[in-house]
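Beneath this line is the structure, given in C-alpha cells, with notes to follow.
The values are calculated or read from the model by the stated rules, or taken from the named source; none is laboratory data. Values in this document were obtained by computation on a predicted structure and should not be read as measured data. Cβ atoms come from the backbone with ideal geometry, glycine included; neighbour counts cover every protein chain shown. Note: accessible area is taken over every heavy atom of the protein model, side chains too, but ligands, DNA and RNA are not part of it. Shrake-Rupley method; radii C 1.70, N 1.55, O 1.52, S 1.80 Å.
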Amino acid sequence: MADMGIFRDTVTGWAGGGSPGAAGQLAAETGVRTVVLVEGPSDLAALEALATRFGRVLHEEGVCVLSMGGAMNVGRYAGLLGPPGLGLRLTGLCDEQERPFYDRALERAGAPGREVFVCVKDLEEEMIRALGVPVVEEIVEAEGELTPWQTFTRQPAQQGRNRQDQMRRFLGTRKGRKIRYGHLLAGALDPGRVPAPLDALFAAL
C-alpha cells in the first residue's frame, strides 16, 4: 500500500497549481475513500493524535486528513478531490467563522455540506474547554513552558481576558507550538470529554 503522506504531498502540489501526477492512482493504492479537510497542520496533528488515542487507524479505514494551508483553499481542494475530481467523499473540521467558505466550496463541488463539523472559535479552544485550564497548565509545565506561560499572563494585553482565552492565545504565540500542543491536548482527552465537533466527526468516519 502506498504511503498516505505521499498522497497528501501529491494533492498539495496539485492544489498549488502543479500536475495531478499520480493522485488518482495513489488514491486507489492507499485505499483512501474519505478526505477530512482541515485548515492547518495543528488540526491535522490533533486529529491524528485523537485517532491514536482511541485506537483508530485512519489510513486503514480509508481516511486521509488533509491540511489545506488555510480555509480559503477549501474550494480548490473540494473541486480536485470531490465529485468533479477524484470522486472521494469529503468531510471537514473548521472554525465557526470559516463555515461559509466550506459551505460554498462543498456546494459548488456537489458534496454534502452537512458533513462539516464546526468548532466555536477553533480546535484549540474546544480542547482547552474540554480539558480545563488546570489540566492544560499541567501539560504546559510538563513541556517546560510554565514560566513563559506565567510571564504571558502578566502582559498588559492579557489583562481582563479569562484564563481559557489567555491559554488559547498563548498556544499561538510561537511557531510550531499549536502543532505540538494540538497533538498533546488531543492525546490527553478522555472518551467522555471529547469536544462535540470532534466526537461527531469521528462518529461519521
Original post:
Can you give the helix-only mean residue ellipticity at 222 nm for the chain, where every DSSP H stretch with n ≥ 4 adds -39500 (n - 2.57) and the sum goes over all residues, rounded to the nearest 500 deg cm²/dmol?
Top reply: -15500 deg cm²/dmol
Original post:
Taking square-rooted eigenvalues a ≥ b ≥ c of the alpha carbon gyration tensor, is region 141-205 rounded, prolate or oblate, where a/c under 1.5 means rounded and, failing that, a/b exceeding b/c means prolate?
Top reply: prolate
Subject >> Separation between Cα centres of region 142-205 and region 10-51, rounded to whole Å >> reply: 25
Original post:
Could you list, bin by bin from short to long, the percent of Cα-Cα pairs of region 1-73 in 5 Å steps?
Top reply: 3, 17, 25, 26, 19, 7, 2, 0
Original post:
With charges only on Cβ, +1 for K and R and -1 for D and E, what is the dipole size of the chain about its Cα centre, in debye, rounded to 20?
Top reply: 420
Original post:
Roughly how many Å² of THR151 are accessible to a 1.4 Å probe, to the nearest 10?
Top reply: 70
**OP:** Pick out, from GLN158, MET68, LEU184, the residue whose Cα sits farthest towards the positive end of the charge dipole of region 42-185, with +1 on the Cβ of Lys and Arg and -1 on the Cβ of Asp and Glu.
**Re:** GLN158
Original post:
How many times 2.2 N^0.38 Å is the alpha carbon radius of gyration of the chain?
Top reply: 1.07
Subject >> Length released on extending from ASP9 to GLN150, taking residue separation times 0.36 nm less the Cα-Cα span >> reply: 46.9 nm
Original post:
Excluding ligands, DNA and RNA, what is the solvent-accessible area per residue of the chain at a probe of 1.4 Å, expressed in Å²?
Top reply: 47
**OP:** Order the following by accessible area, largest value first: THR153, THR12. Probe radius 1.4 Å; ligands, DNA and RNA are ignored.
**Re:** THR12, THR153
**OP:** Give me the percent of the accessible area of region 16-123 that comes from carbon and sulfur atoms, probe 1.4 Å, all protein chains in place.
**Re:** 51
